[in-house]
1. Among the residues of the stretch B:98-120, write down those that are basic (Lys, Arg) and either out of contact with any strand residue (DSSP E or B) (no Cβ under 6 Å at 6 or more places or on another chain) or not in a strand (DSSP E or B) (or both).
2. Does B:Ala9 satisfy being more than 7 Å from chain A (Cβ to nearest Cβ), closer than 22 Å to A:Glu26 by Cα, open to solvent by 30 Å² or more (accessible area, probe 1.4 Å) and aliphatic (A, V, I, L, M)?
3. Among (1) more than 14 Å from chain A (Cβ to nearest Cβ); (2) without any contact (Cβ under 8 Å) to a residue 60 or more places away in the chain, where does B:Ala98 come up short?
4. Out of (1) within 20 Å of the chain's Cα centre (by Cα); (2) farther than 25 Å from A:Thr152 by Cβ; (3) more than 14 Å from chain B (Cβ to nearest Cβ), the odd one out for A:Ile196 is which?
5. Scan the stretch B:199-218 residue by residue and report those that are within 14 Å of chain A (Cβ to nearest Cβ) and open to solvent by 10 Å² or more (accessible area, probe 1.4 Å).
6. When B:Cys79 is evaluated against the numbered criteria (1) without any contact (Cβ under 8 Å) to a residue 40 or more places away in the chain; (2) closer than 25 Å to A:Val211 by Cα; (3) surrounded by 17 or more Cβ atoms within 10 Å (Cβ to Cβ), which criterion, by number, is the only one it fails?
7. Residue check: is B:Val207 touching a residue at least 24 places away in the same chain (Cβ under 8 Å), closer than 20 Å to A:Ala70 by Cβ and of a type in the set (Val, Ile, Thr)?
8. Quick one: in the stretch B:90-107, of everything that is of a type outside the set (Val, Ile, Thr) and open to solvent by 40 Å² or more (accessible area, probe 1.4 Å), which residue is nearest to B:Asn138 (Cα to Cα)?
Protein chains: 2
Amino acid sequence: MMPESVLKAAQSEITDYRSSGMSVMEMSHRSKLFADIFAETKVKLKKALNVPDSHEILFLQGGATLQFAAIPLNLMGECGSASYAVTGNFSNLAAKEAEKYGKVSIACNSADRDHSYIPAQSELKIGSDAEYFYYCANNTIYGTEWHYVPDTKDIPLVCDMSSDILSKPVNVSDFGLIYAGAQKNMAPAGLTVVIIDKSLAGNELSVCPSVMSYDTLIKKDSMLNTPPCWCIYMLGLMLDWLESMGGVAGMESIKSARAAKLYDFLDNSKLFIPHAERGSRSDMNVTFRTGNDALDADFVRGASKHGLLNIKGHRLTGGMRASLYNAMPMEGVEALVGYMKQFEVEHNV
Amino acid sequence: MMPESVLKAAQSEITDYRSSGMSVMEMSHRSKLFADIFAETKVKLKKALNVPDSHEILFLQGGATLQFAAIPLNLMGECGSASYAVTGNFSNLAAKEAEKYGKVSIACNSADRDHSYIPAQSELKIGSDAEYFYYCANNTIYGTEWHYVPDTKDIPLVCDMSSDILSKPVNVSDFGLIYAGAQKNMAPAGLTVVIIDKSLAGNELSVCPSVMSYDTLIKKDSMLNTPPCWCIYMLGLMLDWLESMGGVAGMESIKSARAAKLYDFLDNSKLFIPHAERGSRSDMNVTFRTGNDALDADFVRGASKHGLLNIKGHRLTGGMRASLYNAMPMEGVEALVGYMKQFEVEHNV
């Protein structure tokens, strides 16, 4: 979901960017016009997340799935090892991909309770020889979110923030590498943002494809080859909107209120059951069910008639999922709660 | 460059795609709406290039640079070898990347005459043990183009068509794999199209990242992860326009006339010197110079004042380059020739 104002801004200059006679979609990535868009967007993101000079921002392609490979290929070292927290589908896939390139130890696995919780710091088993510790900050499918930053001593933290980046302040210095597929909270699908501590680059395996070498990408300022220009431009527009909303601090207060409204309703409902355990609940993806698959299906069908789209849960979990990314207004949640109340009444609850 | 009509069509529905209440940039890639766009675009491309059922079309990310690695990782086999034709910068980079994964033999190298020509069939030295033969159909930097399809007997042909795809009919059955970064003739930067003979997939090296496995990508119909939805949508609009122009056959007659106009002028000019040798000249990128760097710089400066953008040659070659991709109208070439004539007069030629 994107704010109407952002879409309107893109619409107004899609055929002719600032009287250049060109669409951003037509620009050479080496042109002065695009170089300015690229540099300005990077400055805006650096400001929005308060990225320190020790870290480099990369604008890449390939999504999280590409990073699943790039991270071990760059950070594991020859015959190295890494520690993974498995708290959902994507961290599990990341761990499996890393096994191709070195030794993977599982610091925790929440599969024992259907990924309905985030393990506590005391439950993390992190091998002291790990080259990095990997976790996924927010699990879209199960609706859980890490509400603390793991303490790993000197082991670099690597975090997939695809689904909660820009939703709250983050101390970037705590992380060796942060990455995010842009399509949840940042920009249209097709852009991946990596924020990397530059001191970690330059140690890639010999089989690492050039397009995945952080060292090369840092040296080329993300321009080893043509970047996804339109998505980078759209990210710039989204960051302007973010700033107008009070930046990540503004987003944090909005998202907390938005999620609280839905969880409060769920906790008091006699029909709907929230999936995630208290203390591990995601502010971005709220997962719930009735406990009756046919009733869930009824609910999803009715929701789309009420203009509530994409409410069906992921195929791995079933049930329902409300995704409350940055651009979702409180009215969206109110409409959903209204429909849930109506559904309860219709089903004599 | 994109046709005005394509940009206008995108503009008209950028905030609300066909009364869905959603922008294509907001759609889930798993939604029915986007699934239809994806499937329709694939059908349009299959029709435009007459792709046989033996071949699969993939819509990917990462550009040619990612394919430089993906091709050997998938097609070379353990301890395998491949044969590369080096006729410019990009085929040279592709060959170097392949050396990470197996034995590379160079079938030809046109560096001896500054990549101003394409070697003849009789000059190609293709080892009989090669798993594939790789070439780049059109060399954007040097302005040369293969005007024949190499005969490699049973060795699969792999071709980078980034800069001349959709400019002429191609017999896809001749090729094991065709790929193209979309940003020249197809769609905005951020989409890579791969057309692969399905029988070649499934033999990737153990270190091949999942995101590069053609076998996996074929099985997942390009949806291993979120695809670049907006670029795929734009490709669909471009293919509608292509069809309205008579398809690839229509494009072929237009591009031949367009390039001939410029080469005819160059061959008769006493000031400007074409770079590429006759018989090897590209219809997509026409490279030329005056032989005097200061004069070249004057020409480039003046060109932008005449609305002729991006005429500066690549930093590897200097001089000038006119890129005549599909969306370039004949008027663009006429304006360039007009300016060149004026420049000659001003310099007393």
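The values are calculated or read from the model by the stated rules, or taken from the named source; none is laboratory data. Everything numeric in this text was worked out from a predicted model, so none of it was measured. Cβ placement follows ideal geometry from the backbone for every residue including glycine, while neighbour counts extend to all protein chains displayed. Keep in mind that these areas ignore ligands, DNA and RNA; they rest on the heavy atoms of the full protein, side chains included. Shrake-Rupley method; radii C 1.70, N 1.55, O 1.52, S 1.80 Å.
1. B:Lys100, B:Arg113
2. For B:Ala9, the condition - more than 7 Å from chain A (Cβ to nearest Cβ), closer than 22 Å to A:Glu26 by Cα, open to solvent by 30 Å² or more (accessible area, probe 1.4 Å) and aliphatic (A, V, I, L, M) - is met.
3. (1)
4. Failed condition: (2).
5. Result: B:Glu204, B:Leu205, B:Ser206, B:Val207, B:Ser210, B:Val211, B:Thr216.
6. (3)
7. Yes, satisfied.
8. The selected residue is B:Phe90.
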